[in-house]
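Since every read-out is calculated from the coordinates, none of them should be taken as a lab result. Source: prediction; values computed, not measured. Backbone-built Cβ (ideal geometry, glycine too); neighbour counts: all protein chains shown.
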Amino acid sequence: MKPYFAFQWHITDTCDQRCKHCYIFAEDNCKALTEMSFDKMEKVLESCEDMCDKLGRTPYFYITGGDPILHKDFWKLAEKLKDNTIRWAILGNPFHLNDEICQKLYDYGCVKYQLSLDGMEQIHDSFRKSGSFKTTIEKIACIKNAGMFCAIMATVSSANISDFPELIDLCAEKEVDVFAFGRYCPTSGQKSEEYHIEPEEYHNFLDMCYHKFQEHKKNDCKTTFQYKDHLWTLYLYEHGLFTIPENHDPDLIYDGCHCAIGHMTILPTGDVYACRRMESKIGNVFEKSMYDLFVGADLEEYRQFDKFEKCGKCELRGYCRGCPAVTYGYTGNMYAADPQCWKEV
Amino acid sequence: MSEMLNRVAAFGADNGACGTADPAETPASACGSACGATDPETPASACGSACGAADPDKK
């Protein structure tokens with residue numbers, strides 16, 4: 001099978017939560033809620049499939065919002081994805097799920113439903129809304145019973161870092177299929193200070209997570225603990241768990257941040273972003289094809305691998321590069337040093 | 001193809017140049033997952049054998 005290319009597709013801004021750390025509603029970014037019409041969604045789909053054909057990729061859609069299920073034509077889109085035999089998943093909320101909806105999602109080919117947990121009940125609900133934690137936990141079984149994978153994604157910051165040991169245990173106990181976390185991307189200077197984690201503290205946090213993951217694996221835990229944050233590569237490298245292959249070419253990029261390589265984001269307006277976690281608009285799919293956007297000059301600005309200021313001096317440049325979106329959130333420059341990278345170069 | 005994409009092992013001509021040294025679990029592959037999402041359920045590394053994403057239990 002041809003390798004995947006991921007499209008994070010926000011089909012609507014409509015959502016019944018206003019999470020404190022959501023980039024959609026941050027700093028009054030989204031004053032008017034937008035929804036993409038079905039006709040336009042068909043055009044987007046066609047453009048993405050055409051791009052993948054030309055690049056030798058298999059499209060994989062992460063349908064999201066807002067809450068994508070709240071889109072009035074969501075099920076028409078699901079049917080279209082099924083007809084085109086496209087693999088897709090949802091990044092969504094738990095509130096509109098029940099056994100019937102989950103079964104319908106599965107029948108339409110949705111392979112995975114990703115929920116968010118930002119800590120244990122008190123912290124999670126303070127980020128989202130009262131009752132959100134309990135509903136999320138309740139719907140894990142609902143998703144799994146329908147045959148879909150249930151993924152839990154968490155966003156770590158200084159506000160919730162101490163909840164993670166308990167959160168990891170909970171995800172293992174509930175047998176979620178995948179658990180991963182990303183770092184909070186600040187949307188203002190004030191937030192970058194408020195939610196900051198010091199590099200050494202982050203290293204210690206990864207160490208705690210690693211040992212938790214191993215402990216659960218020893219107990220035959222079914223959960224896949226995914227090393228999603230690219231700073232995991234640095235952690236694994238320093239602990240002898242990742243080795244740079246002997247014959248690697250230092251000029252090549254083998255792994256690390258996917259930005260401008262393996263994923264693009266489409267908003268309900270048709271605006272296309274290199275990465276949704278930072279201000280990185282590269283054009284609009286209704287003005288230019290996805291293929292032209294992918295190979296065009298605007299996206300090329302996001303793969304200037306020689307511009308990485310700190311990573312450029314690091315032997316792991318081809319494998320890590322931290323999270324440029326987090327870096328952008330702190331500095332306005334995605335090529336600056338990752339604020340949580342503890343390595344001295 | 002752009003100059004920079006040709007420097008990405010998965011897109012360039014020398015896909016298989018680099019052997020892999022997989023730990024039992026590897027970092028997420030460089031290709032094919034959205035920034036706010038866990039990886040696609042099938043490993044199918046876009047980086048060929050180069051980046052070691054053949055994680056058998058990645059979902």
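The table that follows gives values for the structure above.
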{"item": "Candidate aspartates and glutamates for bridging to A:Lys191, where Cα separation is under 17 Å - those fewer than 8 sequence places away on the same chain excluded", "result": "A:Glu27, A:Asp28, A:Asp118, A:Glu279, A:Asp338"}
{"item": "Packing rank of A:230-241, A:75-86, where each peptide gets the mean count of other beta carbons within 10 Å, highest leading", "result": "A:230-241, A:75-86"}
{"item": "Prolate/oblate/rounded call for chain A, Cα gyration tensor, a/c under 1.5 rounded", "result": "rounded"}
{"item": "Shielding score for A:241-253, defined as the mean number of other chain Cβ atoms within 10 Å", "result": "6"}
{"item": "Anchor A:Lys43: lysines whose Cα lies under 22 Å away (excluding residues fewer than 8 positions away in-chain)", "result": "A:Lys54, A:Lys72, A:Lys76, A:Lys80, A:Lys82, A:Lys281, A:Lys288"}
{"item": "Cα gyration tensor shape for region A:175-235, rounded if a/c is under 1.5, else prolate or oblate", "result": "prolate"}
